[in-house]
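K.L.:
Structure provided below as structure tokens; questions to follow.
Every number here is computed from the coordinates shown, using simple stated rules; none is lab data. From a predicted model like this one, the values you see are computed outputs, not experimental measurements. Note that we place each Cβ from the backbone using ideal geometry, even for glycine, and neighbour counts take in every protein chain shown.
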Amino acid sequence: MIAEETLVQELKDQKSQAKAFEVLVNTYKERLYWHIRRIVLNHDDADDVLQNTFIKVYKNIDGFKGESKLYSWLYRIATNESLTFLKQKSKKLGIGDQELKDRMVENLQADVYFEGDAIQLKLQKALAELPDKQKLVFTMKYFQEMKYEDISEVLETSVGALKASYHLAVKKIEAYLKAD
Amino acid sequence: MDAFWRLIHTMKKDKKNSFNTPEGYFESFNERLMSRLGQDETDASESIIPKTDGFGVPVGYFETIGPTILSKTTTEKGKVIPLRAYRKFYYGAAAVAAVLIIVFGLNWNAKTNPVTFDDLANTEIDAYFEANASELTSYDLAEVVALEDIQLNDMLEEDLNSEHILEYLDENVEDVRDLNLEEIDYE
């Protein structure tokens, strides 16, 4: 695997850019897809947002100063793109954020790319009730198994605050799953 | 009863309390809290939360998405078309035309009144905010807009008078201490 600094240098160099971008896409496409998918839930939407994310990365790579790690910069763009996508979607449909989240979960039942059982569907309902930040922290920690230090760089939040958010999210989800 | 209030009064004046904490309690508090929060990770194996979330992708999706993205980024930048010498003539003509338009345009505009904020219809302002969703929440706005600069009544359809305020407080405030009013010592 190519070192991050080398990859960034190659991405900024016109001669090596195309090849380096291919490496970048192949390295991160799957991780970013799952991150986006857990926010937008639907495969087609996740596919759109993933493509937009990489196009944005490609156009803005010269602006990447290297102050944060490359992967956290990518995750930040993916997170912002996903949340903006949902905002635009709710506006287009003329409904509020919470109503959109409820509809997204309802649509999962008919989604051919959702193979979840009743408990997994209930988990999505519980996640839809959480504030955006808590939901992000929970999915990044629980399903993506990211370290708190890495999540901290992506969400620009202290590790202590993330631990507290995760703790609250777990308690709320467990309470939701236990309830009838 | 008087004796009780005198005791409270004395306690308040002394600002001392008779409670104590174990040695080093506050120094080690953060560490103990963090370790308890970290316990969530080890507890995960016993949690009722399912280990997977049931999402799937179409067969071969990750093999095809790479080339799809790469094809989009190569067309995004496009090919640079070199400038040709004869185009300079067109630029010259366009520059002359632009100067003429600006000169006549400025004279024309000088005769008409400038557009002011008052000329905007409320519907246009509403439509602008509708079409350009602000990322700011009401809390963010409250932080950036100084209250002295605007009158609350400017934003309300009906003027807010003391009768409305009292009615609201009467219906919504259960404990007057919720208002966080400045405490005044009447002694």
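K.L.:
Could you list, in their original order, any pairs among A:Lys12/A:Lys163; A:Lys59/A:Lys87; A:Lys87/A:Lys141; A:Lys56/A:Lys87; A:Lys89/A:Lys178 whose Cα atoms are separated by more than 27 Å?
P.N.:
Values: A:Lys12/A:Lys163 36 Å; A:Lys59/A:Lys87 23 Å; A:Lys87/A:Lys141 24 Å; A:Lys56/A:Lys87 18 Å; A:Lys89/A:Lys178 32 Å.
Table pairs above 27 Å Cα-Cα are A:Lys12/A:Lys163; A:Lys89/A:Lys178.
K.L.:
Right, another one. Exactly which chymotrypsin sites (Phe, Trp or Tyr not before Pro) in the range A:81-180 are in a DSSP loop and have at most 15 other Cβ atoms within 10 Å?
P.N.:
none
K.L.:
While we're on this one: Return B:Thr21, B:Thr74 ranked ascending by Cβ neighbour count within 10 Å, so the fewest neighbours appear first.
P.N.:
Final ranking by Cβ density, sparse to dense: B:Thr21, B:Thr74.
K.L.:
Let a ≥ b ≥ c be the square roots of the eigenvalues of the Cα gyration tensor of the range A:117-180; is it rounded (a/c under 1.5), or, if not, prolate (a/b larger than b/c) or oblate?
P.N.:
Taking the square roots of the gyration eigenvalues as a ≥ b ≥ c, the range A:117-180 is prolate.
K.L.:
While we're here: How do A:19-27, B:51-59, A:74-82 rank on mean C-beta neighbours within 10 Å, highest first?
P.N.:
Result, highest mean Cβ count within 10 Å first: A:74-82, A:19-27, B:51-59.
K.L.:
Report, as an integer, the average count of C-beta atoms from other chains found within 10 Å of each Cβ along B:58-71.
P.N.:
Shielding by partners across B:58-71 averages 4.
K.L.:
Roughly how big is the range A:1-115's charge dipole about its Cα centre, with Cβ charges of +1 (Lys, Arg) and -1 (Asp, Glu), in debye to the nearest 20?
P.N.:
So the dipole magnitude of the range A:1-115 works out to roughly 360 debye.
K.L.:
Then there is this: Counting only other chains, what is the mean number of Cβ atoms within 10 angstrom of the Cβ of each residue in peptide A:111-124?
P.N.:
Working: counts 3, 2, 6, 4, 5, 6, 2, 0, 4, 7, 2, 1, 6, 3.
The per-residue average across the peptide is 4.
K.L.:
How well do other chains shield peptide A:148-160, expressed as the mean number of their Cβ atoms within 10 Å of each residue Cβ? Please list the in-between numbers first.
P.N.:
Details: counts 3, 0, 0, 0, 0, 0, 0, 0, 0, 0, 0, 2, 4.
Partner-chain Cβ atoms within 10 Å, mean over residues of A:148-160: 1.
K.L.:
Moving on. Beyond 21 Å, what share of the Cα-Cα pairs of chain A remains, rounded to the nearest whole percent? Mind showing how you got there, number by number?
P.N.:
On the way: 8618 of 16110 pairs.
Across chain A, Cα pairs with separations above 21 Å total 53 percent.
K.L.:
Of the peptides B:98-104, A:129-135, how do they stack up when ordered by the mean number of other Cβ atoms within 10 Å, highest first?
P.N.:
A:129-135, B:98-104
K.L.:
Mind ordering A:61-69, A:101-109, A:8-16 by average Cβ neighbours within 10 Å, highest first?
P.N.:
Peptide ranking by packing, descending: A:101-109, A:8-16, A:61-69.
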